[in-house]
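Reading through the structure tokens given below for one structure.
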Amino acid sequence: LAKTTQPISMDSYEGQEVNITCSHNNIATNDYITWYQQFPSQGPRFIIQGYKTKVTNEVASLFIPADRKSSTLSLPRVSLSDTAVYYCLVGDGSNRDDKIIFGKGTRLHILP
Amino acid sequence: NAGVTQTPKFRILKIGQSMTLQCTQDMNHNYMYWYRQDPGMGLKLIYYSVGAGITDKGEVPNGYNVSRSTTEDFPLRLELAAPSQTSVYFCASSYGRFGNEQFFGPGTRLTVL
């Protein structure tokens with residue numbers, strides 16, 4: 001089961017680009033990298049998922065280097081409403097014993 | 001679609017009482033999950049199910065029980081509530097295996113006094 005390490009907290013300002021990096025040194029060949037966002041008093045919400053190189057959707061971009069031992073979630077031009085906890089998860093889940101784990105996540109605080 | 005719904009939203013229990021947290025999804029998802037989240041912490045997996053009639057333990061199953069008689073419903077049972085079970089409980093579902101996008105319910109905030 002791949003373990004992830006991400007910063008506990010980050011601060012940024014409105015309009016800036018925010019990059020949150022996640023380390024997953026023992027990622028397995030079949031593992032995908034998934035990011036979730038959680039607002040206070042709500043359940044997590046899926047943001048983006050990728051396997052290698054770069055993935056982009058209407059909310060964020062995910063950059064994954066060739067060795068896949070880390071990944072970076074990029075949020076363009078953040079606003080106050082992007083203040084939330086962001087979780088990096090690694091896994092495939094194709095085996096019943098392969099449970100994907102939510103860590104403590106990164107608390108992102110956007111300042112005006 | 002309503003997605004994943006949970007009831008109740010809030011509940012206060014006395015030590016030793018029992019209760020069932022309800023979870024229903026209308027997306028015809030095979031996988032369903034129960035998590036708990038303590039203040040300032042991440043989510044911990046309690047139990048999960050890969051389909052009707054099949055359940056399995058997660059990281060922190062002690063003190064809880066589950067059943068999955070239908071695709072839609074995945075209730076979580078707390079027997080003999082303890083203060084350590086004070087937490088926010090989230091139910092989630094996904095179409096396929098763990099790696100697929102999980103859809104979360106709004107949560108149940110439980111306090112055991």
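The values are calculated or read from the model by the stated rules, or taken from the named source; none is laboratory data. Please read all numbers here as calculations on a predicted model, not as lab measurements. Every residue, glycine as well, gets a Cβ built from its backbone with ideal geometry; the counts of neighbours run over all protein chains shown. What goes into the accessible areas is simple: the full protein's heavy atoms, side chains included, and nothing from ligands, DNA or RNA. Shrake-Rupley method; radii C 1.70, N 1.55, O 1.52, S 1.80 Å.
The table below lists the values:
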| read-out | value |
| --- | --- |
| Filter result for residue B:60 (more than 25 Å from residue A:48 (Cα to Cα), open to solvent by less than 50 Å² (accessible area, probe 1.4 Å) and without any contact (Cβ under 8 Å) to a residue 40 or more places away in the chain) | yes |
| Scope the stretch B:41-51; condition in contact with an Asp or Glu (Cβ under 9 Å, 6 or more places away or on another chain) and either among the basic types (Lys, Arg) or open to solvent by 50 Å² or more (accessible area, probe 1.4 Å) (or both); matching residues | B:44 |
| Residue B:85 being out of contact with any helix residue (DSSP H, G or I) (no Cβ under 6 Å at 6 or more places or on another chain), away from chain A (no Cβ under 11 Å), in contact (Cβ under 8 Å) with a residue 24 or more places away in the chain and closer than 25 Å to residue A:38 by Cβ | yes |
| Of all residues making up the stretch B:28-40, the number that are open to solvent by less than 70 Å² (accessible area, probe 1.4 Å) and either at pLDDT below 90 or not in a loop (DSSP other than H, G, I, E, B) (or both) | 8 |
| Filter result for the condition that a residue is at pLDDT below 95 and over 13 Å from the mean Cα position of the chain (by Cα), over A:29, A:5, A:34 | A:29 |
| Identity of the residue in the stretch B:41-53, part of a strand (DSSP E or B) and at the interface with chain A (Cβ under 9 Å from one of its Cβ atoms), that ends up farthest from the chain's Cα centre (by Cα) | B:50 |
| So residue A:89, is it closer than 29 Å to residue B:36 by Cβ, free of Cβ contacts under 8 Å to residues at least 60 places away in the same chain and either part of a loop (DSSP other than H, G, I, E, B) or touching a strand residue (DSSP E or B) at 6+ places or on another chain (Cβ under 7 Å) (or both) | no |
| Near pairs, Cβ below 9 angstrom, 6+ apart or cross-chain, from the stretch A:58-79 (assigned to a strand (DSSP E or B)) to any residue that is of a type in the set (Asp, Glu) and open to solvent by 20 Å² or more (accessible area, probe 1.4 Å) | A:74/A:17; A:75/A:17; A:75/A:82 |
| Within the stretch A:8-22, tally of residues that are assigned to a strand (DSSP E or B) and either in contact with a helix residue (DSSP H, G or I) (Cβ under 9 Å, 6 or more places away or on another chain) or modelled with pLDDT under 95 (or both) | 2 |
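The rows are residues; the columns are (1) within 22 Å of residue B:101 (Cβ to Cβ); (2) within 11 Å of chain B (Cβ to nearest Cβ); (3) surrounded by fewer than 15 Cβ atoms within 10 Å (Cβ to Cβ).
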site: A:10; (1), (2), (3): no, no, no
site: A:17; (1), (2), (3): no, no, yes
site: A:20; (1), (2), (3): yes, no, no
site: A:38; (1), (2), (3): yes, yes, no
